[in-house]
2 protein chains.
Amino acid sequence: MSTALLAAAQADFVTALGADRVFTDPDTLTLYSHDETAKACRPDAVLFPASHAHVVALVKVALAHHIALVPRAGGSGNVGGALPVTGSVVVSFECMRRIIEFNPADRYMVVEPGVVTADIDQLARQHGLFYPPDPGSAPYCRIGGNLAMNAAGPRAVKYGVTRDYVLGLRAVTGAGAEIRTGCRTTKGVTGYDLTRLLVGSEGTLALITEATVRLMPAPEARATLRVCYASNVAACQAVARVMQQAVIPCALEFMDQRSIAAIQAAGAATDLPHGTQALLMVEADGVTTDLPRQIAALSAALRGDGMLQLLEAANASEVAALWQARKALSHAVKRIAPLKINEDVVVPVSRLAELVAHIDTLALDTGLPVVSFGHAGNGNLHVNFMVDPANSRQLEHARASLQSLFAKVLALGGTLSGEHGIGTEKRDYMHLEVDAQTMDLLRVIKAQFDPQGLLNPGKLLSA
Amino acid sequence: MSTALLAAAQADFVTALGADRVFTDPDTLTLYSHDETAKACRPDAVLFPASHAHVVALVKVALAHHIALVPRAGGSGNVGGALPVTGSVVVSFECMRRIIEFNPADRYMVVEPGVVTADIDQLARQHGLFYPPDPGSAPYCRIGGNLAMNAAGPRAVKYGVTRDYVLGLRAVTGAGAEIRTGCRTTKGVTGYDLTRLLVGSEGTLALITEATVRLMPAPEARATLRVCYASNVAACQAVARVMQQAVIPCALEFMDQRSIAAIQAAGAATDLPHGTQALLMVEADGVTTDLPRQIAALSAALRGDGMLQLLEAANASEVAALWQARKALSHAVKRIAPLKINEDVVVPVSRLAELVAHIDTLALDTGLPVVSFGHAGNGNLHVNFMVDPANSRQLEHARASLQSLFAKVLALGGTLSGEHGIGTEKRDYMHLEVDAQTMDLLRVIKAQFDPQGLLNPGKLLSA
């Protein structure tokens, strides 16, 4: 954008939002130039709307000046969803953090997009309820980002993903239309399901200004198993057995050898038996009286060839340490390698062992360190190729490995992303999974919601 | 359509599908001229495609001749969703009833739209699984219709609706594009959620040719309570109490006095205590050892002002009789009145008592018989205004009552339809709930999927 254009637009943004909500100082621009990916791009300005009316107003200004808007909640995404593009303006939802309504009797909460995800859960728990989706970033990510990417987390194996807990939305489309979707009840079929069309659309169709989320009765108690295996494949076979019996765990997390090393470096699980190559963290929740039955059923399924040890966590601090280390894994892995290529693939659980075996082969063939962990109960694996960006040979190996990984995932009946989304990082791989005619439909939907193409350009779809 | 045009189109349909799949005889046309509503309209032809390729081919013919297509599965809908329009051709999916894949290990089934809903559930149960959505019509409706309307049923209070059990779809849009949406895994965020955009779109965007549905472990056991109340309001207050404690029942069905009379006429619940004005059927499911705890918690919540009797069903035949009568209620009510205006409204459960009190007042004020029953745990009430179509005064009262009912439902934070859909019957009320800008978006989405407006015209949106 030219300086003159920017000045005119900036003046209009200031008129719309007030001078204290339009930032163009270098420090702020630098701060908002990146998300959790390794890339960065300075926006021309950062806006901090405080209300739905502000969002309506700023979209009008953007339309008038043809300025790209990059919505941002917590900025903790993994695929470049909140990454600015050249000449864009970041719309930070950090100041829209009101809880508009909390209705414990009807088990819903109406929140603004800047509310921290964990805060929703915490408030719900004060009334015996909980908010099931629990991305690793829950303590600092914001619900707006969760809605944009359809975030999940360990509990998804039993409780489902963000999409399953959104009853309705208020939003402003890229054309400036103010819309309300869905309802406040657990049933409703009045018109096309725009709610779920917007969830996971990565801010490319509309800016969400309010969400009505569904809550559930909080489980009374929880029990945690830590199970060690002599190989990745043995652990994945155990996962398949668990998901073929009736007790659905509320977490079924897989960690390979390198992940174990990372959580051990963080002080957790330092007492594993010799020969441990893979670890499962398995949790059950429900009423206290029913937990022994669940744990017995899960344990029976977890035992089998290659199992070395099965331990029930003895106390809450042991469980907390284990989870803290697990949730910090993504960051821990990042500390090991200056560049990690972090994938988020999913296969049907019965094929997980095949996927892991394929990844083992890739690692052997290329000599590239690979760290795999993830929500195995959903068949969702975070595969991290550890690359030194200065090493062109490694980069080449990583690129080839990615192609091979994706091909295998699709051959096994899987999908390219389970919970991170597409953003900029996987956009160019979409065609491997989504056929041309379906992709055309995504584009025409985008064009209807956002005719000028101003909302988060280059994310999910190429610009 | 003119005779000449029809003849040319018919010849092309025969070329596309074979002569044995294109019916134009008067008997067939009459048979396919109506659904469960009181209306009828003869189509110009009825097509019986047997494969995805047939559907692709017939859409091409329809596009070439600009012929409206009315998709139809079981024809058991309540809102005119499968009702032909003048000059239209019915596409019956009855011959597409293959189970393409059943994968018990990964808990999914890939089915064609003509598969009977109950058959999915039955097949799943042979492997210890079940398909949760259970509309009253499950023994004869077909999954294609359930997908079109986002069908539900009693179990929705615990397990959710059709939308929650669809992982992916194959479909042909009104533009003739062949698309695949979603995936076969329980997680997946690759692109906009076209799967859930199509579910509930009432055949107005695309013809679904395959669906991948998610299955769950079948509960081991079930227990049923029958609870009598001295008033509708007392019963609804009990519903609100049940939905505020932690045990979620797998059915929480409400029946008012006239519904009770109908199920008693069918031979069920003939032993109710004197003064019973409302009945709740409450079910819990899970493992056998945990049921007593669930039943104790539910019973505690169900007891209160106006409760007359709480009985646990003693045996399976008693439960079966109760359910059979409950599931036949919709038809039984139809037998009583030549015309019933059957509504399907939803309010937050905490407001159900207010809604029912309002309906009581409406009935008193107008002298119109009203029969109410439904899935109270979701706040979903089927309100039937019993009208003699020859009585213009009654018709007028019914129309006024409908307006009053809808206004009350929306004032209570509810929605116009919980599970029946919009079809032709509620289309003209959509604007009461969906604002103009949101409605415009529905229209532009429709225009993109179906530029000629050939798919189920006049349903959900006005033609």
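The values are calculated or read from the model by the stated rules, or taken from the named source; none is laboratory data. These figures come from a predicted structure and were not determined experimentally. Here Cβ is always computed from backbone atoms with ideal geometry, including for glycine, and neighbour counts include all displayed protein chains. When the accessible area is computed, the model is the full protein with side chains, heavy atoms only, and any ligands, DNA or RNA have been set aside. Shrake-Rupley method; radii C 1.70, N 1.55, O 1.52, S 1.80 Å.
Considering only the protein assembly as shown, what is the antiparallel percent among its DSSP beta bridges, to the nearest 5?
90
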Using only Cα atoms, tell me the angle between helix B:291-302 and the longest principal axis of chain B; keep it within 0 to 90° and round to the nearest 10.
80
Taking the full set of protein chains and a 1.4 angstrom probe, give the accessible area of A:GLU178 in square angstrom, rounded to the nearest 10.
70
Simple spin-label estimate for B:GLU220 and B:HIS66 in nanometres, 7 Å along Cα-Cβ:
6.4
Between B:VAL287 and A:ASP20, what's the calculated FRET efficiency when r is the beta-carbon distance and R0 is 51 Å? Round to 0.05.
0.30
Relative contact order (%) - the range A:182-336, alpha-carbon pairs under 8 angstrom, separation at least six:
32
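So what is the relative contact order for the range B:82-233, in percent, with contacts set as C-alpha pairs under 8 Å and at least six apart? Spell out each step's value before the answer.
Details: 269 pairs, mean separation 36.4, N = 152.
Answer for the range B:82-233 is 24 percent.
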Between copies, how far does the label point of B:THR289 sit from its twins, in nm, shortest first, when each point is 7 Å from Cα along Cα→Cβ?
1.2
Which is the longest run of chain B containing none of the trypsin sites (Lys or Arg not before Pro) found in DSSP loop states (not H, G, I, E, B) with at most 16 other C-beta atoms within 10 Å?
B:99-302
Distances in nm between the label point of A:PRO273 (7 Å along Cα→Cβ) and its equivalents in the other copies, shortest first, are 5.9
Which distances, shortest first and in nm, link B:GLN403 to the matching position in the other copies, using label points set 7 Å out along Cα to C-beta?
6.7
Residue separation times 0.36 nm, minus the C-alpha to C-alpha distance between B:ARG125 and B:GLU312: what's the value?
64.8 nm
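Select from the range A:200-252 those GluC sites (Glu not before Pro) which occupy a DSSP coil region and have at most 16 other Cβ atoms within 10 Å, ordered by residue number. If you can, show how the numbers build up before the last one.
Values: sites: A:GLU202, A:GLU210, A:GLU220; in loops: A:GLU202, A:GLU220.
Counting only loop positions with at most 16 other Cβ atoms within 10 Å, the GluC sites (Glu not before Pro) in the range A:200-252 are A:GLU220.
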Taking the 0 to 90 degree range and rounding to the nearest ten, how far is the long axis of helix B:392-411 tilted relative to the main principal axis of chain B, both from C-alpha atoms?
80
Could you let me know the centre-to-centre spacing of the range A:62-108 and the range B:16-84, using Cα atoms, in angstrom?
45
Charge dipole of chain B about the Cα centre (unit charges at C-beta), most positive-ward option of B:LEU6, B:VAL59, B:HIS397
B:VAL59
Computed over the Cα atoms of the range A:99-217, what is the convex hull's projected area averaged over all directions, in nm²?
6.9
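Quick check on chain B: of the DSSP beta bridges with both residues there, what percent are antiparallel, nearest 5%? Each step should come with its number before you reach the end.
Values: 63 of 72 bridges.
Expressed as a percentage, antiparallel bridges in chain B total about 90.
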Relative to the longest principal axis of the C-alpha atoms of chain A, give the angle of the C-alpha long axis of helix A:232-242, reported between 0 and 90° and rounded to the nearest 10°.
80
Rough spin-label spacing in nm, given labels placed 7 Å along Cα→Cβ, for A:SER33 and A:ALA390:
2.2
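Work out the mean other chain Cβ neighbour count within 10 Å for the residues of B:375-383 and drop it here as an integer.
On the way: counts 2, 0, 2, 4, 5, 4, 0, 0, 0.
Averaged over the peptide's residues, the number is 2.
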Enter the Cα centre distance for the pair the range B:389-460 and the range A:416-463, rounded to the nearest angstrom.
32
Using the Cβ atoms and a cut-off under 14 Å, what net charge is assigned to the surroundings of A:TYR229, where Lys and Arg are +1 and Asp and Glu are -1?
-1
Set the Förster distance to 41 Å, then compute FRET efficiency between A:CYS41 and A:ASP440 from the Cβ-Cβ distance, nearest 0.05.
0.90
Excluding ligands, DNA and RNA, what is the solvent-accessible area per residue of the range B:339-463 at a probe of 1.4 Å, expressed in Å²?
34
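What total accessible area, in Å², is buried where chains A and B meet, using a 1.4 Å probe and rounding to the nearest 100? Write down the numbers at each step before the final one.
Values: alone 19100 and 19100 Å², together 32080 Å².
Looking at A and B, the buried total is near 6100 Å².
So if the hydrodynamic radius of the protein assembly as shown is defined as the Kirkwood radius over C-alpha pairs, what does Stokes-Einstein give as its diffusion coefficient at 10 °C and 1.306 mPa s, in µm² per second? Write out the running numbers ahead of the final one.
Numbers: Rh = 28.8 Å.
D, rounded to a whole number, is 55 µm²/s.
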So what is the calculated 222 nm ellipticity per residue for the protein assembly as shown, using -39500 (n - 2.57) for each DSSP H run with n of 4 or more, over all residues, to the nearest 500 deg cm²/dmol?
-10500 deg cm²/dmol
Size of the dipole of the range A:6-70 about the Cα centre, Lys and Arg at +1 and Asp and Glu at -1 on the beta carbon, nothing else charged, in debye to 20?
180
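Below 8 Å between Cα atoms, with a sequence gap of 6+, how large is the relative contact order for chain A in percent? Working shown, then result.
Details: 994 pairs, mean separation 72.4, N = 463.
Relative contact order of chain A: 16 percent.
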Tell me, what ³J(HN,Hα) does each residue in the range A:114-121 have, in order and in whole Hz, if you take phi through Karplus 6.51 cos²θ - 1.76 cosθ + 1.60 with θ = phi - 60° and put x for Gly and Pro?
x, 5, 5, 4, 5, 5, 4, 4
Name the residues whose placed amide hydrogens come within less than 5 Å of the amide hydrogen of A:THR209, ignoring near sequence neighbours (fewer than 5 apart) on the same chain.
A:ARG170, A:ALA171, A:VAL172
Grab the residue from chain A whose Cβ hugs the A-to-B rotation axis most tightly, plus its distance in whole angstrom.
A:ARG196, 2
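Please give the peptides B:411-421, B:279-289 ranked by average Cβ packing (other Cβ atoms within 10 Å per residue), highest first, as a rough proxy for protection.
Details: B:411-421: 24.5, B:279-289: 21.4.
With the highest mean Cβ count within 10 Å placed first, the list reads B:411-421, B:279-289.
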Would you mind checking A:LYS446/B:LYS446; A:LYS60/B:LYS446; A:LYS187/B:LYS327; B:LYS426/B:LYS459; B:LYS408/B:LYS459 for any pair whose Cα atoms are more than 21 angstrom apart?
A:LYS60/B:LYS446; B:LYS408/B:LYS459
